[in-house]
Amino acid sequence: MTDTPQRARRAGHGEDTIYWDASKNRYVGAVSLGFAPDGKRRRPKVYGKTKAEVRQKIRDLKKEVQSGVRAPANYTVADAVNDWLERGLKGRDEKGTVGKNRSMANKHLIPFIGKAKLKDLSADDVDDWLDGRSDFLATRTLRDLLAILRRSIAHAQRRDKAARNVALLVTAPEGRPGRPSKALNLEQAKAVLIAARPSRLYAYLVLSFLGGVRTEEARPLTWDHVFLETKDGIPPHVAVWRSVRKHGDTKTRKSRRTIALPQMVVDVLEEHMRWQKKERAAQGKEWSPTGLVFTTRSGEPLDAANVRRDFRAIIAKAAKMPGIELKPQEWTTRETRTSFVSLLSDHGVPLETIALLVGHSSQTTTEVVYRKQLRPVITKGAEAMDVIFGEEGGEDAGDPGQGDVEG
């Protein structure tokens, strides 16, 4: 039996009404929700092709009101993701965390499920989306995308725009094999440092290879956090307390650490400081007010893209040395850190010591991320690097600073 259009009757006080609207060719349900703070009556409307559909929408709307959640009818997944990116990541690095998440969402999330209304999104919809991308994306990327969706819906929930988070009911599938972590062996690392000797990046790479400092921690490093002399029984060390992230925070709480420096790093940084002072004096400039350890020729902070480009040029130079097989396009500066872990592990340094040196929140992180570089254990960091590289890594192949890192 089909519904027959009926003329609207005037609703009594506090009543809900269903009537036919010929202009819209739909049934209309007017819902009574009391009064707004300004004294006006709250009477939202819902629409449907049949009375049964309208009755169900009225029931759903009242449930939302009772739960305190009023999910907008046209609020989409794309709206939720964009709101999270704009408001939920305040204080995060715009080029780093925010930029990475926005790029991933724009490429792999919004084009596929962005138009779906958030209130209608189901766990099956999320499963289907992730399964469809699993042939093209690595497992890690799929997990990151699911995390973006979960956080976006959670952000919508906190603003009463979503009743439940269906993304929490889903597990990311296995995707394509990711890019494996890799590390330079000792001979390759020595060749890279010899190739870098005339470059502005030499001291930067020595600190990264022998100190395990993240590239994002090396670029904002200032001289007031570098201690090159033994004082009160405390050996030369570097305080890794800042990064290029917004507000200067390190990646995690345990990333904020102080590490002893191998003698080779001390020697190279002392030389780097002398050279930097001479360069500024020759250019008639005062010492940089920011006090950065590593800068461009004009004294500006290093840019990640330029560092990566110049590092690959150094790799290409090292690859021309006898017995060294390296492909520049396959290496990035972050792999100086995996090389640090590998070299220490090969030398027998305990896993727990390596985890502290690289600033991981747990040994599990060190083991999972760098598992291919880890070996069984025995000594400690700065002392080990002095033994590993000895005098060979410090061979003089020219004065530093002849090359340039552009700003």
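The values are calculated or read from the model by the stated rules, or taken from the named source; none is laboratory data. Note that the structure is a prediction, hence the values are computed from the model and not measured. Here the Cβ positions follow ideal geometry from the backbone for every residue, glycine too, while neighbour counts run over all protein chains shown.
One line per residue, one yes/no per condition, for (1) closer than 23 Å to Asp386 by Cβ; (2) at pLDDT 80 or above:
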position	(1), (2)
Glu286	no, no
Val293	yes, yes
Ser298	no, no
Ala313	no, yes
Pro328	no, yes
Val349	yes, no
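Quick one: in region 117-147, of everything that is surrounded by fewer than 17 Cβ atoms within 10 Å (Cβ to Cβ) and among the hydrophobic types (A, V, I, L, M, F, W, C), which residue is nearest to the chain's Cα centre (by Cα)?
Ala147
Check Arg214 against each of (1) within 25 Å of the chain's Cα centre (by Cα); (2) of a type in the set (Lys, Arg); (3) surrounded by fewer than 19 Cβ atoms within 10 Å (Cβ to Cβ) and name the one condition it does not meet.
The failed condition is (3).
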